Amino acid sequence: LDKDKADGAANFYEARDRALVEKRLATEADLVRALQNDEFELFYQPQVCLDSKRIIGAEALIRWRHPVRGLVPPIDFIPIANATAVSVGMSRWVVETAWRQASRWAAAGHEIRMGINLSPCQFSDGSLSVQVEALLHAAPIRPDLIEFEVTEDILLDDEVQAKKAIERLKRSGVRLVFDDFGTGFGSLSYLKSFPLHGLKIDRSFVKDALSCESDRTIVRSVISLAEGLDLSVIAEGIEDAATADLLLAMGCREGQGYFFGKPCPADEFERLLMTAAGSIAA
Ligand code: C2E
Ligand code: MG
Ligand code: MG
Ligand code: MG
């Protein structure tokens with residue numbers, strides 16, 4: 001009887017695993033097709049100077065216009081993509097598309113920074129710096145207007161390769177920042193190991209900074225850490241005016257969040273740039 005039970009459980013788990021694997025395979029095949037059919041799109045979210053409220057940058061955020069599922073957010077496919085080979089093509093597409101957009105905006109007089117999120121595969125081989133060199137020729141732009149956002153898992157995936165990739169990218173003149181700063185396990189030690197240009201304070205500390213004293217203390221510490229190490233700092237996830245004011249009062253000069261604008265398609269972002277010369281009337 002016990003054996004029957006055990007078999008039943010094993011069958012249950014096998015079936016469940018099979019379902020998961022099938023779902024994942026379906027999605028991986030879907031992702032390959034989506035890349036071929038040009039179903040990915042980049043949205044852009046404004047980054048502003050907290051003092052003047054002027055737009056100083058954009059973060060490129062991928063969306064999937066699925067023919068049946070509609071607009072799919074990155075959380076539903078980036079982890080799958082990163083675990084499979086499709087990540088290579090998708091990540092190249094993201095870098096190229098965001099870069100060309102930044103180059104066009106700069107040529108039109110909007111010299112704003114472009115934040116581009118990286119995937120682990122781009123740091124584990126040397127391909128990104130080769131692509132960067134090619135793009136510097138194909139779509140000229142001041143390289144320090146390109147800002148690659150890396151998370152801790154990308155850096156810790158293969159530390160030796162990551163350090164090499166950082167050195168090569170720095171020689172090209174592009175910027176590199178720590179994304180979601182403070183959420184990982186090794187944040188402080190990787191500040192020392194990986195010489196990047198700046199950090200983005202994670203939304204989880206920013207969102208309740210007004211009401212939660214300990215979050216406020218963490219945010220204040222990260223700002224002074226950045227100051228002391230001569231790193232740029234931007235706060236993510238600012239959703240109201242009071243939080244924006246608080247951040248500014250604590251010495252953070254740049255911000256990003258729904259209060260200033262949600263991620264939107266390129267044409268909509270362009271209209272934002274035109275409005276009052278890129279100043280957000282928030
Ligand atoms: P992230 O790089 O930390 O991007 C910020 C996320 O926070 C975005 O979610 C953005 O829409 C959201 N956000 C910004 N301001 C606010 C706010 O005020 N309130 C709230 N509730 N959310 C805010 P999104 O676009 O869903 O992206 C989620 C994550 O997916 C990104 O986190 C990034 O890790 C990843 N991702 C997005 N696009 C790409 C990409 O092109 N390549 C790679 N490798 N990863 C990407
Ligand atoms: Mg990011
Ligand atoms: Mg982030
Ligand atoms: Mg994040």
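The values are calculated or read from the model by the stated rules, or taken from the named source; none is laboratory data. Given the structure is predicted, the values throughout are model-derived calculations rather than measurements. Cβ atoms come from the backbone with ideal geometry, glycine included; neighbour counts cover every protein chain shown. The accessibility values were calculated without ligands, DNA or RNA, using every heavy atom of the protein model including side chains. Shrake-Rupley method; radii C 1.70, N 1.55, O 1.52, S 1.80 Å.
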Of everything in the range 230-277 that's open to solvent by less than 10 Å² (accessible area, probe 1.4 Å), within 15 Å of ligand 2 (Cβ to nearest atom) and of a type in the set (V, I, T), which residue is nearest to K207 (Cα to Cα)?
I238
Considering only residues that are open to solvent by less than 60 Å² (accessible area, probe 1.4 Å) and outside any helix (DSSP H, G or I), look in the range 121-146 and name the one that is modelled with the lowest pLDDT.
G126
Members of the range 191-217 that are outside any loop (DSSP other than H, G, I, E, B) and either charged (D, E, K, R) or more than 16 Å from ligand 4 (Cβ to nearest atom) (or both):
L191, K192, S193, K200, R203, E213, S214, D215, R216, T217
Taking first residues from the range 126-151 that are farther than 14 Å from I116 by Cβ and within 16 Å of ligand 1 (Cβ to nearest atom) and second residues anywhere that are assigned to a helix (DSSP H, G or I) and charged (D, E, K, R), the pairs with Cβ under 8 Å that are 6 or more apart or on different chains are S127/R92
Odd one out for I80 among (1) open to solvent by 60 Å² or more (accessible area, probe 1.4 Å); (2) within 15 Å of R33 (Cα to Cα); (3) among the β-branched types (V, I, T); (4) assigned to a helix (DSSP H, G or I)
(1)
From the options A162, A108, residue that is farther than 25 Å from N82 by Cα, small (G, A, S) and more than 12 Å from ligand 1 (Cβ to nearest atom):
A108
So, in the range 83-113, exactly how many residues are of a type in the set (A, V, I, L, M), surrounded by 19 or more Cβ atoms within 10 Å (Cβ to Cβ), out of contact with any Ser or Thr (no Cβ under 9 Å at 6 or more places or on another chain) and not in a loop (DSSP other than H, G, I, E, B)?
4
Taking the range 158-206 as the search range and keeping residues that are basic (K, R) and within 18 Å of the chain's Cα centre (by Cα), which one is least open to solvent (accessible area, probe 1.4 Å)?
K200
